[in-house]
Structure formats: C-alpha cells, structure tokens
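Trainee: Dropping the structure in here first, questions after.
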Amino acid sequence: MKTISIIIPAYNEEDVLEQLYEKLTFVIEAIPNYDFELLFINDGSKDRTLEIIKEMRETDHRISYVDLSRNFGKEIGMMAGFDYAKGDAVIIIDADLQDPPELIPEMIKYWEQGYDDVFAKRRSRAGETWMKKWTAKTFYRVLQKITKIPVQENTGDFRLLDRRCIDALRTLRETQRYTKGMFSWIGYHKKEILFDRNPRAAGETKWNYKKLMDLAIEGITSFTTAPLRLSTYFGFTISLCAFIYMIFIIVKTLVVGEMVQGYPSLMTVMLFLGGIQLISLGIIGEYLGKIFTETKRRPLYFVDEYNNEKVMFEKKER
Ligand code: UDP
Ligand code: MG
C-alpha cells in the first residue's frame, strides 16, 4: 500500500488543531487503499499546540510530529516536514483550515494519473482585506516580470508532491527559502485544481506587512539577479543625461558667460544621485547578505523531539 504523508506546519494553533484533526480524519477515512501519516511540525509554539498534538498521538498512531527547537518560520518548517515525511507522496496543508481537506481525494486522483505536483489555486480569497489581495497581486506581477521561472499566481503551499519532488526539494538547502518559487523551479509535471480559500477557522494570522515585504524581497532576490542590473542601467542613464547637460553648460558658458547661480539644480542633482546610490548599495547589500548567510552553511533547523524521543544532533544532512 502506498503511504501519503500530510505535513501540517503549526505555530500557536491550539484553537484549531482539534477541528483540523476531525476534518482531516473524516476526509482520509473515506479514501481507501492508502496509508496516511499526519506529520505535524511544531514550529516552536508558545501555547498548548505541542501538548494537543501529543494527546492526539496517544489515540491515533497515524500522527507523528517533529518538534523544532524554536520558531524557524513556515518555510523551514516545511523543509523539516520533507526531511521526516515517510510517504510516497506528501500533502502540505495549513493548520488553520484555510486549505480545505476536501480537495485531497482530487489531488490523489491526479497523482495516480501521473502528475507530480498537484497544486490548489485560489479562485477567491475570502476573509482577506482588499489591501492584502492587492499587494499579493502586485507582487506576483512584479516577480513574474523579472524572474524567468513561471510563478504560480494565487497559489499557496497547499499541494500534493510526489516523492521525486520531495527528494528534489531536499537538495535545495538554502537557508533563506522561498519555497513557492522552488516548487516552480524544480519543474516536473504540474496540475492545478481550483478552490475557494476559506477565512481562518480560529486564531490569528501570523503574517503582517513587514513579514510579507520580507518574503517578497526574499522571493525576488533568491530567484533573480535582475535588481543588480537595475543599478547598472540607472548608472548608464544618469551618466548619459549628465554628459548631455555638461556639453550644454560648457557651450552656454562660452557663449553667454556664467553668473554664479544654479544652487537649486545642484542640490536636486545631488539629492537624486544620493538616493540612487543608496538604493544600489542596498541592492548589493541584499545579495551580499545572502552570500554571507549561505556561506556559513548552517543546518536549516534543529529538532528537539521526534515522536516522543529527544533528538540528538545528527551530522548527516538532514
Ligand atoms: N506557521 C508556521 N510557522 C510560523 C508561522 C506560521 O509553521 O512562523 C504555520 C501556521 O501555523 C499555519 C501556516 O503556517 O499552519 C500558515 O500560517 P498563517 O495562517 O499565519 O498564514 P496565512 O494563511 O495568513 O498566509
Ligand atoms: Mg492562514
């Protein structure tokens, strides 16, 4: 029998876990001929999340859990899930029931037809503010324009991945992760299914605009070096303008002479150039920082506990 692992990253989700468990088991018990593994990733929750998972595990041995040593963020939590999942396929689902488990049978159906990555695309985003919808939309547009890989718009991490996708993703061990881009980057056969995203069942979103902005910068800088080229273009354009203006000034001085003036234009040019230089420095710094963190080659995460056992640090690539 084939095994399917369902990875559930959970960070302070005490309010929804039981509801999620009920819904999930209801769905998977209606699917015959598969073994299921419910793999919870406790991402350093500060509430009763871990206790609840442990309680559930006592009565249901399809449940396993990885308890990370602190909060590492969802991107890294998912990676821990890939490392520990035993299944022939993996399904990633949010703990807050925003991703409807009812789609799982359909995902499995397409997987059996030979697709490696069956992802759920949102038809609507109920319960999200127009501001969040708008920022998400703009971000996808920009990312699509400047990177060469196709970006899957309105798609979250809710998807089924075949074992070979998991093994591919496990080789991409960069510390600063933009997993959504990686799903596209690895390729393989993709199939989209449409769904309506629900508002959170309970609890609060852990995202805020600062985090979204960081993720956006992460997304851009980990998949393209185009912004670096931007400064080159800026430089060329401005030098060209400056050159033309210089000739104009020389000619003007020779023809009509020069009375001391020009404070406003001098000031504007200085401020403008200063701004551009700072932006360019920032862009370079962004990439330099990435090089810095990646060259340290730190492990992505540490595990405190796996299924009731304390985990010693293993040196082998996890
Ligand atoms: N999550 C996590 N670590 C974090 C933040 C979030 O594992 O540091 C999990 C969270 O428990 C949930 C999923 O990632 O299962 C999505 O988080 P959230 O619902 O806050 O994000 P949103 O749906 O608003 O994008
Ligand atoms: Mg959510």
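The values are calculated or read from the model by the stated rules, or taken from the named source; none is laboratory data. Nothing here was measured: the structure is a model prediction, and the numbers come from that model. In this analysis, Cβ positions are derived from the backbone assuming ideal geometry, glycine residues included, and neighbour counts consider all displayed protein chains.
Trainee: Aliphatic (A, V, I, L, M) and closer than 23 Å to Pro227 by Cβ: which single residue out of Leu143, Leu160, Leu169 fits that description?
Mentor: Numbers: Leu160 fails: closer than 23 Å to Pro227 by Cβ; Leu169 fails: closer than 23 Å to Pro227 by Cβ.
Selected residue: Leu143, the only one of Leu143, Leu160, Leu169 that is aliphatic (A, V, I, L, M) and closer than 23 Å to Pro227 by Cβ.
Trainee: Hey, Val151 hits all of (1) under 21 Å from Lys290 (Cα atoms); (2) outside any helix (DSSP H, G or I); (3) in contact with a Leu (Cβ under 9 Å, 6 or more places away or on another chain) but one; which does it fall short on?
Mentor: That leaves (1) as the condition not met.
Trainee: Only one of Phe248, Phe292 is within 34 Å of the chain's Cα centre (by Cα) and of a type in the set (Phe, Trp, Tyr); which?
Mentor: Values: Phe248 fails: within 34 Å of the chain's Cα centre (by Cα).
Answer to the check: Phe292.
Every residue, every condition in (1) surrounded by fewer than 15 Cβ atoms within 10 Å (Cβ to Cβ); (2) touching a helix residue (DSSP H, G or I) at 6+ places or on another chain (Cβ under 9 Å); (3) at pLDDT 90 or above, yes or no:
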{"site": "Glu112", "(1), (2), (3)": "yes, no, yes"}
{"site": "Glu128", "(1), (2), (3)": "no, yes, no"}
{"site": "Ala136", "(1), (2), (3)": "no, yes, no"}
{"site": "Val142", "(1), (2), (3)": "yes, yes, no"}
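Trainee: Are there any pairs, at least 6 apart or on different chains, whose C-beta atoms fall under 7 Å, with the first in the stretch 41-65 and without any contact (Cβ under 8 Å) to a residue 24 or more places away in the chain and more than 20 Å from Met78 (Cβ to Cβ) and the second assigned to a strand (DSSP E or B) and away from ligand 2 (no atom under 16 Å from the Cβ), and if so, which?
Mentor: none
Trainee: What's the number of the only condition in (1) under 23 Å from Glu29 (Cβ atoms); (2) not in a helix (DSSP H, G or I) that Tyr110 fails to meet?
Mentor: It fails just one condition, (2).
Trainee: Would you confirm whether any residue within the stretch 146-154 is at pLDDT 80 or above, farther than 20 Å from Phe72 by Cα and surrounded by 14 or more Cβ atoms within 10 Å (Cβ to Cβ)? Working first, answer last.
Mentor: The initial filter retains those residues of the stretch 146-154 that are at pLDDT 80 or above, namely none.
Scanning the stretch 146-154, I find no residue that is at pLDDT 80 or above, farther than 20 Å from Phe72 by Cα and surrounded by 14 or more Cβ atoms within 10 Å (Cβ to Cβ), so the answer is no.
Trainee: Among the listed residues Lys132, Lys137, Lys86, Lys121, which satisfies the condition of being more than 17 Å from the chain's Cα centre (by Cα) and either within 17 Å of Glu218 (Cβ to Cβ) or not small (Gly, Ala, Ser) (or both)? Outline the logic, then answer.
Mentor: Numbers: Lys132 fails: more than 17 Å from the chain's Cα centre (by Cα); Lys137 fails: more than 17 Å from the chain's Cα centre (by Cα); Lys121 fails: more than 17 Å from the chain's Cα centre (by Cα).
Exactly one of Lys132, Lys137, Lys86, Lys121 is more than 17 Å from the chain's Cα centre (by Cα) and either within 17 Å of Glu218 (Cβ to Cβ) or not small (Gly, Ala, Ser) (or both), namely Lys86.
Trainee: Also: Among Leu273, Leu240, Leu300, which is surrounded by 10 or more Cβ atoms within 10 Å (Cβ to Cβ) and assigned to a loop (DSSP other than H, G, I, E, B)?
Mentor: Numbers: Leu273 fails: assigned to a loop (DSSP other than H, G, I, E, B); Leu240 fails: assigned to a loop (DSSP other than H, G, I, E, B).
None of the other options fit; the residue is Leu300.
Trainee: Do the conditions hold for Lys121, that is, is it assigned to a strand (DSSP E or B) and surrounded by fewer than 18 Cβ atoms within 10 Å (Cβ to Cβ)?
Mentor: yes
Trainee: Can you find a residue that is within 16 Å of ligand 2 (Cβ to nearest atom), within 20 Å of the chain's Cα centre (by Cα) and in contact (Cβ under 8 Å) with a residue 12 or more places away in the chain anywhere in the stretch 147-155? Before the answer, list the steps.
Mentor: Of the stretch 147-155, the ones within 16 Å of ligand 2 (Cβ to nearest atom) are 154-155.
Restricting the remaining residues to those that are within 20 Å of the chain's Cα centre (by Cα) gives 154-155.
Imposing the further condition that a residue be in contact (Cβ under 8 Å) with a residue 12 or more places away in the chain reduces the set to 154-155.
Yes, the stretch 147-155 has at least one match.
Trainee: Right, another one. Of Gly81, Gly73, which residue is within 18 Å of Lys180 (Cβ to Cβ), near ligand 1 (Cβ under 9 Å from one of its atoms) and out of contact with any Lys or Arg (no Cβ under 8 Å at 6 or more places or on another chain)? Spell out how you get there, then give the answer.
Mentor: Working: Gly81 fails: near ligand 1 (Cβ under 9 Å from one of its atoms).
Just one listed residue meets the conditions, Gly73.
For (1) more than 30 Å from Val16 (Cβ to Cβ); (2) modelled with pLDDT under 85; (3) out of contact with any Asp or Glu (no Cβ under 6 Å at 6 or more places or on another chain); (4) buried (at least 16 other Cβ atoms within 10 Å of the Cβ), each residue gets a yes or a no:
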residue: Arg170; (1), (2), (3), (4): no, no, yes, no
residue: Leu194; (1), (2), (3), (4): no, no, yes, no
residue: Thr205; (1), (2), (3), (4): no, yes, yes, no
residue: Glu218; (1), (2), (3), (4): no, yes, yes, yes
